[in-house]
């Protein structure tokens, strides 16, 4: 079947859909997640799926993956109608899903992870370890991966290599349709390039790929077609070569967004945070900086430059070994996050899933986590006060949830991020540390968070923003500091902060001289 498909593609003929879903409906209590969605993927096609958080993307791919069953609609694979009652049904139909949170066994080897559940066996049903290693080597060779051995323990691998193991596992089960959910969210630029090389090889073999990403530039690099969802409905499908970022953004949000970075200049006040010669080895090396009231200070740098480690040291997660921290001009000791919170410091971490939320708890409970003293009396939670706090947060941040009792782990990534931010702002801080505030968030939610940042700065809140997205750093910052190898290496005013100058400082090239040495 695959050979016939590939021959048809080479001859330029129209390929029948590898996957076709039609009229898909799905509702949950209080929420209509999908309404009449139809979607197709051809062999050898990368079909991007776009939409704001809560638009229905995750629900759709879980239906295609057999996790959810639709209330109505049909699914055809290779022209055959199928009912996918479980992920095993989807796997047998040649469908594999690589989720943003990789599902691997960290203590097992690459080969063991690749063939988990379907390992080759020899005499007496015993595992054939040599065959397993050989088959893994063959899969690595088909994708021209030369730096990954079958015997490597997965826990020792980089995120990029762990993702390759997931792809190998899918191919070991003869997957013909691969679903990639935010595959580059935690990858370095080098790993993104390698992933795209693999995607192109899979395309050439007739594998269909559903590609979900909030990064618009990736869509135009790798996708053939793009389908946009909004509020559970299909807005439209476009060939990537025949559309533009502006059109896709308008389809996603139902309105034009004039600017993703609505930065408004405000009067900058007195220093809120001063850091002097702060040291926490190995990634915080003699750091000195100041953040003032009403200022958004951007912190740029490559992955591994020490930005997140600096934030965690300021917040007391990993206390400083030496140096000085001043809050509102007063020297303080911050040995634990509780002390930082008491001093009016809030921290929205990079990893919201494990550090920012308690995923099994509901919306109401998560909103009150950082301000329990405000909703507790005599050691007991005042449910009415907690509900009022959560209702205010849901309204202010436009959180899409069925109810305050909905488990946070079942919300979209964007809605989870809004709850993390709202949780800390309910504590009325004077310094807000934002580590990757819009990672994995759609364009509409990004604009909302950027607008909120501007409002908070106008109210006098000091903001330290860490971001790997250079346009975000340049668009939202009053000043930009650049870290490299645990040190501050350059400082730029807003006027000086050009992509070339900041990028050169991040890379350590000569163009960094445009900024002031930090």
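Modelled label positions at residue 32 and residue 281, each set 7 Å beyond Cα in the direction of Cβ, lie 6.2 nm from each other.
Here 351, 478 are placed in order of increasing Cβ neighbour count within 10 Å, fewest first, which gives 351, 478.
Between residue 146 and residue 221, how high is the FRET efficiency from 1/(1 + (r/R0)^6) when r is the Cβ-Cβ distance and R₀ = 22 Å? Nearest 0.05. It comes out at approximately 0.40. Shape call for the stretch 361-426 from the C-alpha gyration tensor, a ≥ b ≥ c root eigenvalues: rounded (a/c under 1.5), prolate (a/b greater than b/c) or oblate? Note, shape of the stretch 361-426 comes out prolate. Computed from the C-beta positions of residue 85 and residue 247 and an R0 of 30 Å, the FRET efficiency is 0.20 to the nearest 0.05.
Each listed q (0.07, 0.08, 0.09, 0.12 Å⁻¹) maps to a log10 I(q)/I(0) for the chain, found by the Debye formula over equal Cα scatterers with no solvent: -0.44, -0.57, -0.72, -1.21. When each of the peptides 291-303, 121-133 is scored by how many other beta carbons lie within 10 Å of its residues on average, the order from highest to lowest is 291-303, 121-133. Note on residue 72 and residue 387: their simple-model spin labels are 3.4 nm apart, each label 7 Å out from Cα toward Cβ. For the chain, the 222 nm mean residue ellipticity estimated from helices alone, with every DSSP H stretch of n ≥ 4 adding -39500 (n - 2.57) and the total spread over all residues, rounds to -9500 deg cm²/dmol.
Regarding the stretch 359-399, what's the average projected area of the Cα-atom convex hull, expressed in nm²? Mean orientational projected area (the stretch 359-399, Cα hull): 3.0 nm².
If both residues of a DSSP beta bridge must be in the stretch 68-221, then about 30% of such bridges are antiparallel.
Between the Cα long axis of helix 189-204 and the first principal axis of the chain there is an angle of about 20°, rounded to the nearest 10.
Distance between the modelled labels on residue 130 and residue 185, one decimal in nanometres: 4.3 nm (7 Å Cα→Cβ projection).
Compared with the direct C-alpha span, the chain from residue 496 to residue 239 gains 88.7 nm at full extension, assuming 0.36 nm per residue. Take 140-148, 200-208 and order them by the average number of nearby Cβ atoms within 10 Å per residue, most first; the result is 200-208, 140-148. For the chain, the longest principal axis of the C-alpha atoms and the axis of helix 159-172 are separated by about 20°. Note on the stretch 75-234: Cα-only Rg and Dmax are 16.5, 54 Å. Restricting to bridges with both residues inside the chain, how much of the DSSP beta-bridge set is antiparallel, in percent to the nearest 5? Of all bridge pairs located within the chain, approximately 60 percent are antiparallel. Across the stretch 259-385, Cα-Cα pairs more than 23 Å apart make up 45 percent of the total.
Taking 0.36 nm per residue of sequence separation and removing the Cα-Cα distance, the residue 459/residue 204 pair yields an extension gain of 86.4 nm.
Relative to the longest principal axis of the Cα atoms of the chain, helix 443-458 runs at roughly 0 degrees. Does the stretch 12-170 classify as rounded, prolate or oblate by the C-alpha gyration tensor (a ≥ b ≥ c root eigenvalues; a/c under 1.5 gives rounded; else a/b over b/c gives prolate, otherwise oblate)? Note, shape of the stretch 12-170 comes out prolate. By definition, a body whose alpha carbon gyration tensor gives a ≥ b ≥ c is prolate when a/c is 1.5 or more and a/b is larger than b/c, and the stretch 312-402 fits this prolate description.
Using R0 = 56 Å, the C-beta based FRET efficiency linking residue 103 and residue 396 works out to 0.95.
Rule-based calculations on the coordinates, nothing more; no lab input. Because the structure is a prediction, the values reported are computed rather than measured. Cβ coordinates were reconstructed from backbone atoms using ideal geometry, including for glycine residues, and neighbour counts include every protein chain displayed.
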